[in-house]
Amino acid sequence: MKKTATFAIVHFCVAFGVTWIVTGSWVLGGMIALLEPAANTVAYFFHEKAWEAVQRRRARLAA
């Protein structure tokens, strides 16, 4: 859990830093830093579900 928490902090800082450097806006940097990791987490969940389905299908076809 500690590794996940520290990665979330790193992800937030990267998202904020990149947005701030590109736009010069602290507000936009903060907004993107909150929204992008949340959206990415949801996308990752569905990616994992799709990957599991592909693995199950491969296992069925191999059997």
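Of the residues making up segment 6-63, those that are in a helix (DSSP H, G or I) and hydroxyl-bearing (Ser, Thr, Tyr) are THR6, THR19, THR23, THR41, TYR44. Residues that are open to solvent by less than 70 Å² (accessible area, probe 1.4 Å) and out of contact with any His (no Cβ under 8 Å at 6 or more places or on another chain) were ranked within segment 37-63; the one that is modelled with the lowest pLDDT is ALA38. Considering ILE21, ILE32, which residue is free of Cβ contacts under 8 Å to residues at least 60 places away in the same chain, surrounded by fewer than 10 Cβ atoms within 10 Å (Cβ to Cβ) and of a type in the set (A, V, I, L, M, F, W, C)? Answer to the check: ILE21.
For first residues located in segment 1-17 and at positive phi and among the charged types (D, E, K, R), partners that are open to solvent by less than 90 Å² (accessible area, probe 1.4 Å) and modelled with pLDDT under 90 and lie 6+ apart or on another chain with Cβ distances below 7 Å do not occur.
The values are calculated or read from the model by the stated rules, or taken from the named source; none is laboratory data. Just so we're clear, the structure is a prediction, and the values are computed from it rather than from any experiment. Every residue, glycine as well, gets a Cβ built from its backbone with ideal geometry; the counts of neighbours run over all protein chains shown. To get the accessible areas, we keep the full protein, side chains included, count just its heavy atoms, and leave off ligands, DNA and RNA. Shrake-Rupley method; radii C 1.70, N 1.55, O 1.52, S 1.80 Å.
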